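Data block below; observations after.
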Amino acid sequence: MPSRRGFLRLTAGAAALALLGCGSGASAASKPMTPALSAAAQTVPATPVPTPRPVPKAGRFEWTMQSGTPWETPLVVTHSGVRGPSVLVLGGVHGNEPGGWLAAEQVADWQPAIGSLLVVPRANILSTRALERTLPHLGDLNRLYGSTTDMPMAKMASEIIGLSTQFHVDFLLDMHESWGFYAERAQNGTAFLGQTISSGQGPAVGIEQVVRDRANQTVGGGRDRLLSRDEVLMLRATQSPNSYQNFNTWRGGTSSLSAGQYVAGLTPILVEMGQMDQPVSRRVELHLTVARALLDSQSML
Ligand SMILES: [Zn+2]
C-alpha cells in the first residue's frame, strides 16, 4: 500500500521546489489545453470564474515530515470538514525552548470547529531531545527559510513551505522562547524578547495585535503580559538607527516570519515566551492561550 507520508512528502517537496525558483516552465506546462476560440471571443478578455477550493473531508491524520531521515518528525492534521481557515502550528524549532513544543503537543489534540489545524510539535526533534537550540550538522530552522542548501533544517523549512502551500495555510504560528522578558530588558537583543508576538508580511495585517489583545484578556496585566510587534519594531530601531525606516521593507529575513513570501495568502506569527523566573508550566499555559486566541479570532474553536 502506498505510504501516505511518502505521498505528502513528495507533493509538498514538489510544491516547495516550484516556489523556490523552478519557475515559469512548470506552471506553463500545467495549464490545461483549451479549444481554439472564435475570432469574436478572442477580442474579449475572458472573465475568470473563481473555483471554490474543495473542503477536505473531516478526519485526523498523522504523517511524518522529512520521512526516512534521522530528523523525521510527526505532523498531525485535523480537518473539521467545514470550510474555514487553515492554521499551521510549529513547536520545537529550537530544542532549548520546551514551552513551545510542550504546548504544540497539546494543540495537536485540539479539534477545530471549522477549517483545518496542522501541527508539527517538534520541528527540530533531534534538538529537542538534546535540549539544545539546534545541533551543528542540522542548521538553525529559523534561519533557513528560502535556503537551497543541503542542511537538514533547510530541507525542513522547504517542506514546511510546501506543506503550507498544499494545505493553503492562512496562519503559521511559530512557538518560541527567549530568556529575558522584553519589558524588563537591561539590554537589547534576541535573549530579551520574552512575551512578544510579531507577525510577518501577509494579508492579515495587524493579526498580532488581535491575538495579543485576546490573549491578554486571560493573561492580565502582570509581567507576562504580551507585547506586540510595535514594541519589537522599537527594539530593532534602538539596535540600528536605520532599522525603523527599514522595517517596512524588512521581509522576515530567513526566519518563519518570511514564510508569507513563499505561500500566497499566508500570514506568519512568531511568539516568544520569557524563560527567566517563569516556570515551564506557565510558559506552556501562555503558549496555549495565544494559540487559542488565534483560533478563536478565526471562529475555529
Ligand atoms: Zn526560538
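The values are calculated or read from the model by the stated rules, or taken from the named source; none is laboratory data. Because the structure is predicted, anything quoted here is derived from the model rather than measured. A quick note on method: Cβ atoms are made from the backbone with ideal geometry, for glycine too, and the neighbour counts reach across all protein chains shown.
The criterion of at least 2 residues that are buried (at least 17 other Cβ atoms within 10 Å of the Cβ), hydrophobic (A, V, I, L, M, F, W, C) and within 16 Å of the ligand (Cβ to nearest atom) is met, among strands (runs of 3 or more DSSP E) falling completely within the stretch 42-158, by 86-90.
The conditions are (1) outside any helix (DSSP H, G or I); (2) within 19 Å of Ser67 (Cα to Cα), and Leu173 fails exactly one of them. Which is it? The failed condition is (2).
Can you find, within the stretch 159-170, the residue that is nearest to the ligand (Cβ to nearest atom) among those that are assigned to a loop (DSSP other than H, G, I, E, B) and hydrophobic (A, V, I, L, M, F, W, C)? By that ranking, first place goes to Val169.
Here the stretch 248-301 is the region considered, the condition is being touching a Ser or Thr at 6+ places or on another chain (Cβ under 7 Å) and of a type in the set (Gly, Ala, Ser), and the residue that is farthest from the ligand (Cβ to nearest atom) is Gly260. Restricting attention to the stretch 149-170, the residues being charged (D, E, K, R) and closer than 15 Å to Gly115 by Cα number 1.
Among what's in the stretch 113-152 and is in contact (Cβ under 8 Å) with a residue 60 or more places away in the chain and in contact with a strand residue (DSSP E or B) (Cβ under 6 Å, 6 or more places away or on another chain), pick the residue that is farthest from Arg60 (Cα to Cα). Among residues in the stretch 113-152 that are in contact (Cβ under 8 Å) with a residue 60 or more places away in the chain and in contact with a strand residue (DSSP E or B) (Cβ under 6 Å, 6 or more places away or on another chain), the one farthest from Arg60 (Cα to Cα) is Gly115. Buried (at least 22 other Cβ atoms within 10 Å of the Cβ), at pLDDT 95 or above, away from the ligand (no atom under 16 Å from the Cβ) and closer than 24 Å to Gly274 by Cβ - does that describe any residue in the stretch 176-187? No: the stretch 176-187 contains no residue that is buried (at least 22 other Cβ atoms within 10 Å of the Cβ), at pLDDT 95 or above, away from the ligand (no atom under 16 Å from the Cβ) and closer than 24 Å to Gly274 by Cβ.
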